[in-house]
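FYI, it's all coordinate maths here, none of it is from the lab. The model shown is predicted, which means the values in this text are computed figures rather than measured ones. FYI the Cβ positions are ideal-geometry reconstructions off the backbone, even for glycines, and counts take in every protein chain you see.
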Amino acid sequence: MRRPGSTTGARQCLAPTKSEETYRLSEIASAPAHRLSRPLVIMAAGLGMLLAATLALWAHYGSAVFYETILAGIAACL
């Protein structure tokens, strides 16, 4: 029979030990940090493709014709 206030089972109510705390902190520190990397990679890929298409059109048509094409496209939208 246990007496009230005995130390048996009291460990459950105490704060975690140093090794438990270190383990939890190491779990947090080693958690993957790529939560925002997928949208960032997708956006960077889209911008890269847009830049590549722009440079390809510029190389194909030349700067004057390319500029006129862009102005005509903007004018058509307005």
**Item:** Rough spin-label spacing in nm, given labels placed 7 Å along Cα→Cβ, for VAL41 and ALA64
**Value:** 4.5 nm
**Fill in**
Diffing the stretch 49-62: the Karplus 3J(HN,Hα) column from phi (6.51, -1.76, 1.60, θ = phi - 60°), in whole Hz with x for Gly and Pro, holds 5, 5, 5, 5, 5, 4, 5, 5, 5, 5, 5, 6, 9, x
**Request:** Let me know the shape class of the stretch 37-78, please: from the alpha-carbon gyration tensor, a ≥ b ≥ c as square roots of the eigenvalues, rounded when a/c is under 1.5, otherwise prolate if a/b is greater than b/c, or oblate.
**Result:** oblate
